[in-house]
1. If we scan segment 119-135, do we find a residue that is surrounded by fewer than 19 Cβ atoms within 10 Å (Cβ to Cβ) and under 24 Å from the mean Cα position of the chain (by Cα)?
2. Could you tell me whether segment 38-45 includes any residue that is over 28 Å from Glu189 (Cβ atoms) and either more than 16 Å from ligand 2 (Cβ to nearest atom) or basic (Lys, Arg) (or both)?
3. Determine which member of the set Gly482, Gly492, Gly473 is surrounded by 15 or more Cβ atoms within 10 Å (Cβ to Cβ), at positive phi and touching a strand residue (DSSP E or B) at 6+ places or on another chain (Cβ under 7 Å).
4. Being assigned to a loop (DSSP other than H, G, I, E, B) and touching a Leu at 6+ places or on another chain (Cβ under 8 Å) is the filter; apply it to segment 380-408 and report the residue that is farthest from ligand 2 (Cβ to nearest atom).
5. Condition test on Ala310, is it in contact with a Gly (Cβ under 8 Å, 6 or more places away or on another chain), within 16 Å of ligand 2 (Cβ to nearest atom) and at pLDDT 90 or above?
6. Would you pick out the residues in segment 54-84 that are without any contact (Cβ under 8 Å) to a residue 40 or more places away in the chain and of a type in the set (Gly, Ala, Ser)?
7. Could you check Gln419 against (1) in contact with an Asp or Glu (Cβ under 9 Å, 6 or more places away or on another chain); (2) farther than 30 Å from Ile212 by Cβ and say which number it fails?
Amino acid sequence: GFLRDRTAGSDARRVLHDVFGHREFRGRQEEIVSHVVGGGSGLVLMPTGGGKSLCYQVPALVRPGLGVVVSPLIALMEDQVSALRQAGVAAAALHSELDDERRSAVMRDLGNGTLKLLYVSPERLNLESTLERLGRTDLALFAIDEAHCVSQWGHHFRPDYRSLDNLQRLFPDVPRVALTATADARTVEDIRERLGLTDDPVFRGGFDRPNIRIEAAPRDSARRQILQFAREASDGRGAGIVYCSTRKGSEQTAGWLRENGHDAISFHAGMDPADKRAAHNRFASGDAVVMAATVAFGMGIDRPDVRWVAHAALPASPESWYQEIGRAGRDGLPARSLLLHGAEDIVWARHRLEDSPASDEQKRIERERLNRMVAIAESPTCRRRILLRCFGEDLEQDCGNCDACLRPPSLRDGTVAAQKLLSAVVRTGSRFGLGHLVDVLRGEKTDKVIQFNHDQLPTFGVGKDVSAQNWRGIARQLVARGALDVAVENHGEYRPTEAARAILRGEEKVMIRVDVERVPSARNTRRR
Ligand code: ADP
Ligand code: ZN
């Protein structure tokens, strides 16, 4: 009834304020909290840093009984538990790394009914003894964090999560709230089916992080571009992250960052656990520390003042890119992200995908994700709008805080240039890399050009008027739209595809963005 809802609402606000110290709910938190307080189940899709924890912590404290939180990561569980305890909440964790003594203390508290929140790893939850104990406990709710782990469609499938489909059967009257930052449609449906949430609402929101400026640029020198970006984006205290595509790349990047005066460290999956922990600690506490890492660096980063995130190469999907840049600016203050990309990134990713052991269906999904990522990188219009559309969120207007909004690129009809490039590829026998093709187009009489008689071709010198850099840009855009392929196994030779024919025949127009040559300084962009 009305009165009960009012009470529930004010209870929730009081908990929000008294326990967590926040004055207002954010985004859809309030709506979600009151749904769960009222006994409802559902799926919450919110990005990293969006404030998912409160969506189950507040209802667990408002409702009578114990809130059980399933979480895959021990470090994360321990962080949450110690924060909750500091706030005066009776919270505990149950996982495989507890010694016997601590485990029986937790079980005892559980028996006493003194706990309000229990974090548990899925394999612990699945134990007969745990389930039996919970069966005798008054339960407020189940929260399933990182819920995408139940889905085989995502990259994070965990067999342990599979048995969570039992919860609905074993505890039909206890609300289940699943939470994830992955919003990919296929994964979402999979989660709902697995966890028995198909009749319950999906709360999607908060994906926009307007304080993070989004910039993307073609890579010409990652080192120079990232050093300049780090200089502009750093405030001298907050941290920065450079995501690299290989382990070796992350170590090298940390190396040249240090040579250039940065306090830089690296992180990747190949390091031993002690080094990983040390890197995590350095990152958590250092002033202006820069982490050069592979995507293995991610879970458990809770530093609110990451001021910038740079990608040295194209990420595999908008989802992973979004999650990675989302580690910046959790304090709500201005933060920046820079995406560097080149034609070879796309080609590499496509080849890796084709060679992977994944099923055809999975490959199709991954190919689609990659294409959307390429579309964002190459877009001449607001990048945030395209990004948010990937998550099912529509912006009313352009964001005003991405490079396409701040410095709209000029577009020109590049059909003729594209035809010249494609015909240079065809006439040289589809056997050469881009450097040579650009030499032919620009009429450079290099040894190689002479050796192959390419100065005799009709295409020789037809592209003098276009700079080598712009030719590379045109090539990248043709790769992006699938008109050119590059053989990675050979020396990066360019080959026309089926799609090139329509362009060569003049049936398809090619609009080309005239790329900005460098990332302008922060001061310049602010003035505009
Ligand atoms: P997620 O789990 O979605 O990644 P968290 O729950 O860890 O996000 O929240 C991210 C940050 O936002 C935390 O520092 C948290 O304290 C803060 N936060 C969440 N909700 C609010 C709110 N309503 N008011 C102020 N800060 C909030
Ligand atoms: Zn924009």
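The values are calculated or read from the model by the stated rules, or taken from the named source; none is laboratory data. Note that this is a predicted model, so its numbers are computed, not measured. With ideal geometry, Cβ positions are generated from the backbone for all residues, glycine too; neighbour counts draw on all protein chains shown.
1. No: segment 119-135 contains no residue that is surrounded by fewer than 19 Cβ atoms within 10 Å (Cβ to Cβ) and under 24 Å from the mean Cα position of the chain (by Cα).
2. So in segment 38-45, the residues over 28 Å from Glu189 (Cβ atoms) come out as none.
No, segment 38-45 contains no residue that is over 28 Å from Glu189 (Cβ atoms) and either more than 16 Å from ligand 2 (Cβ to nearest atom) or basic (Lys, Arg) (or both).
3. Numbers: Gly482 fails: touching a strand residue (DSSP E or B) at 6+ places or on another chain (Cβ under 7 Å); Gly473 fails: at positive phi.
It is Gly492.
4. Taking segment 380-408 as the starting set, the residues that turn out to be assigned to a loop (DSSP other than H, G, I, E, B) are 380-382, 391-401, 407-408.
Still in the list and also touching a Leu at 6+ places or on another chain (Cβ under 8 Å): 380, 382, 391, 394-395, 400.
On the way: Pro380: 11, Cys382: 3, Phe391: 15, Asp394: 13, Leu395: 8, Gly400: 6 Å.
Per the criteria, the residue is Phe391.
5. Numbers: in contact with a Gly (Cβ under 8 Å, 6 or more places away or on another chain): yes; within 16 Å of ligand 2 (Cβ to nearest atom): no; at pLDDT 90 or above: yes.
Taking the combined requirement at face value, the residue does not satisfy it.
6. Ser82, Ala83 - these are the residues of segment 54-84 that are without any contact (Cβ under 8 Å) to a residue 40 or more places away in the chain and of a type in the set (Gly, Ala, Ser).
7. The failed condition is (1).
Table: residues versus (1) within 12 Å of ligand 1 (Cβ to nearest atom); (2) in contact with a Phe, Trp or Tyr (Cβ under 9 Å, 6 or more places away or on another chain).
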residue: Arg13; (1), (2): yes, yes
residue: Gly39; (1), (2): no, no
residue: Ser71; (1), (2): yes, yes
residue: Glu78; (1), (2): no, yes
residue: Ser82; (1), (2): no, no
residue: Val89; (1), (2): no, no
residue: His95; (1), (2): no, yes
